[in-house]
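Undergrad: Structure below; questions to follow.
The values are calculated or read from the model by the stated rules, or taken from the named source; none is laboratory data. These numbers were taken from a predicted model, which means no experiment stands behind them. Note that each Cβ is placed from the backbone with ideal geometry, even for glycine, and that neighbours are counted across all protein chains shown.
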Amino acid sequence: MIEIDSITFAYSSATPIFDNFSWFIERGDTWAILGPSGCGKSTLLYLLAGLQFPQKGEVRINGKVLSRPRPQTGLILQDYGLLPWATVRQNAELGLKIRGFYGPDGTHAPTQVDWENNVAPWLERLGIQVVADHYPSQISGGQRQRTAIARTLVLHPDLLLMDEPFSSLDAPTREGLQTLILQLQLENQLTLVIVTHSIEEAAFMGKKILLLSQPPIREAAIIENSQAGSEHYRKSQAYLALCETLRSKLEGG
């Protein structure tokens, strides 16, 4: 689905973050990107989202060179990105309203949007129907993140990109949302890429883990993790061993 082909990317005249770097993501994969601060985790996500572009090489999705953000890509950020003056329901509807104005592909004429049948089921599925008329300041961090997830999933993306989405949440809420995202990924056959600085989160969510080092990055370690997300995995010896392996690799540079 995604091909990163020999890209080089740098900010201004700084040392390149990626130098002749390649990576391939198959449709339906679940990836976690892990690495030290400043290694380019978020930059790589923004390249996949079409918000940044390489100076050399190409990023291709479904065989097409990425030249702008694509409507089928969903991006969820750490700070939720909710409008403080809009209710939970209005925030969840935001993407649909924009799509209704510009059209489903950003080019052709807009189509009629069935608000109730698109938004309400997601509010119910994510457990935020009861706060649908509340404002972001009136709900918890977990509910704000669920609202951001609903706003993204109502657009039926095929690729979901997440940039440290749970880092500000308490442990029980974070773990619950990690499990929920993996359930939704399976239900909707999404390709999922999550950036995280948490070893434990990468080990639980990523069936494949891309381990970045300090720039310039020319290649990265890939760690297979087929048990990711399975029931009781967090309590298993395999999970603890993987966490220790990731910690050792990070500390070793």
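Undergrad: Please specify each residue of the range 23-63 satisfying the condition of being assigned to a strand (DSSP E or B) and among the aliphatic types (A, V, I, L, M).
TA: 25, 32, 33, 34, 59, 61
Undergrad: For the list (1) assigned to a helix (DSSP H, G or I); (2) closer than 25 Å to residue 231 by Cβ; (3) aliphatic (A, V, I, L, M), I need the number of the one condition that residue 120 fails.
TA: (2) is the only condition that residue 120 fails.
Rundown of residues vs (1) of a type in the set (Asp, Glu); (2) under 23 Å from residue 75 (Cβ atoms); (3) assigned to a loop (DSSP other than H, G, I, E, B), yes/no style:
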| residue | (1), (2), (3) |
| --- | --- |
| 167 | no, yes, yes |
| 174 | no, yes, no |
| 177 | no, yes, no |
| 185 | no, yes, no |
| 194 | no, yes, no |
| 214 | no, no, yes |
| 239 | no, no, no |
| 243 | no, no, no |
| 250 | no, no, no |
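Undergrad: I'd like the full set of residues that are in a loop (DSSP other than H, G, I, E, B) and at pLDDT 60 or above, limited to the range 76-117.
TA: Residues satisfying the conditions are 77, 78, 79, 80, 81, 82, 83, 84, 85, 86, 87.
Undergrad: Among the residues of the range 137-163, write down those that are surrounded by 20 or more Cβ atoms within 10 Å (Cβ to Cβ) and acidic (Asp, Glu).
TA: Within the range 137-163, just 163 meets the criteria.
Undergrad: Next up: Quick check on residue 189: is it surrounded by fewer than 19 Cβ atoms within 10 Å (Cβ to Cβ) and touching a Gly at 6+ places or on another chain (Cβ under 7 Å)?
TA: Taking the combined requirement at face value, the residue satisfies it.
Undergrad: Follow-up question, since we're still on this one. Which one is surrounded by the fewest Cβ atoms within 10 Å (Cβ to Cβ) among residues in the range 200-212 that are assigned to a helix (DSSP H, G or I) and not small (Gly, Ala, Ser)?
TA: It comes out as 200.
Here's the yes/no breakdown for (1) surrounded by 14 or more Cβ atoms within 10 Å (Cβ to Cβ); (2) within 30 Å of residue 139 (Cα to Cα); (3) assigned by TED's automatic domain parsing to the domain that holds residue 133; (4) in contact (Cβ under 8 Å) with a residue 12 or more places away in the chain:
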site	(1), (2), (3), (4)
22	yes, no, no, yes
35	yes, no, no, yes
50	yes, no, no, yes
54	yes, no, no, yes
67	no, no, no, yes
88	yes, yes, yes, yes
92	yes, yes, yes, yes
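Undergrad: Something else about it: Read through the list (1) assigned to a helix (DSSP H, G or I); (2) modelled with pLDDT of 90 or more; (3) surrounded by 15 or more Cβ atoms within 10 Å (Cβ to Cβ), then give the number of the only condition that residue 134 fails.
TA: (1)
Undergrad: Any idea which residue in the range 221-253 is surrounded by the most Cβ atoms within 10 Å (Cβ to Cβ), counting only those that are under 19 Å from the mean Cα position of the chain (by Cα) and within 20 Å of residue 18 (Cβ to Cβ)?
TA: Among them, the one singled out is 223.
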